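Right, one structure below, let's go through it.
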Amino acid sequence: MKENNQLRDVYDAIADPTRRRLIRLLSEAEEIPLHELTTQFQMGRTAVSKHLTILKEAGLVLDRKVGRETRFRLNASPLREIQDWVAFYSKFWSTNMLHLNQLLEEEEE
């Protein structure tokens, strides 16, 4: 279910804890400059930029130049694919647990 502008799988993009933290940081602000994001990690600017590029390729991050500065913001819409996937399995497990509970109650009678 990739959009045309996505070069990378959303699941792959969020698999890394650093990228999930970047998503969290970006969700808490409208826009954050690269230098501010870099201060949140114990890694260099280049490493943070690589993680942001992966998120950008998955359509999760948008960027814009303001002078010499690059600012990033979250585009959460690709996360809907993950939300839908989790919702399906949440319903699946709830239904199965309900059936199991009914079987156990019947056996107790």
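Which Cα, out of 88, 44, 60, lies furthest along the positive dipole direction of the chain (beta carbon charges, K/R +1, D/E -1)?
Sorting the options by dipole projection puts first 44.
Could you pull out every residue, at least 5 positions away or on a different chain, whose amide H is within less than 5 Å of the one on residue 61? Hs are placed 1.01 Å off N in the peptide plane, and Pro or chain starts have none.
The answer is 56, 75.
Restricting to DSSP H runs of at least four residues, report the calculated mean residue ellipticity at 222 nm for the chain, -39500 (n - 2.57) per run over all residues, nearest 500 deg cm²/dmol. Write down the numbers at each step before the final one.
On the way: 5 runs with 64 residues, N = 109.
For the chain, the value works out to -18500 deg cm²/dmol.
About its Cα centre, how strong a charge dipole does region 23-102 have in debye, to the nearest 20, once Lys and Arg get +1 and Asp and Glu get -1 at the Cβ?
Dipole about the Cα centre, nearest 20: 200 debye.
First compute the accessible area of region 1-62 with a 1.4 Å probe, then give the percent of it belonging to carbon and sulfur atoms.
On the way: 1830 of 3800 Å².
In region 1-62, the share of accessible area belonging to carbon and sulfur is 48 percent.
Using only the alpha carbons of the chain, determine the length spanned along each of the three principal axes and report them from longest to shortest in whole angstroms.
Result for the chain: principal-axis Cα extents of 73, 33, 22 Å.
Test of the criteria: in region 28-109, which chymotrypsin sites (Phe, Trp or Tyr not before Pro) are in a DSSP loop and have at most 15 other Cβ atoms within 10 angstrom of their Cβ? Let's see the in-between values first.
Working: sites: 41, 72, 85, 88, 89, 92, 93; in loops: 41.
Here the sparse-neighbourhood loop sites are 41.
How about region 8-102: which GluC sites (Glu not before Pro) there lie in a loop by DSSP and see at most 13 other Cβ atoms within 10 Å?
Taking region 8-102 and a limit of 13 other Cβ atoms within 10 Å, the loop GluC sites (Glu not before Pro) found are 28, 30.
Considering the convex hull of the alpha carbon atoms of region 58-109, report its projected area averaged over all viewing directions, in nm², one decimal.
Details: hull surface 18.5 nm².
If you wrap the Cα atoms of region 58-109 in a convex hull and average its projections, you get 4.6 nm².
The values are calculated or read from the model by the stated rules, or taken from the named source; none is laboratory data. What you see is a predicted model, and the numbers here were worked out from it, not measured in a lab. Don't worry about glycine lacking a Cβ; one is built from the backbone with ideal geometry, like all the others, and counts go over all protein chains shown. We work out accessible area using only protein heavy atoms, side chains counted, and drop any ligands, DNA or RNA first. Shrake-Rupley method; radii C 1.70, N 1.55, O 1.52, S 1.80 Å.
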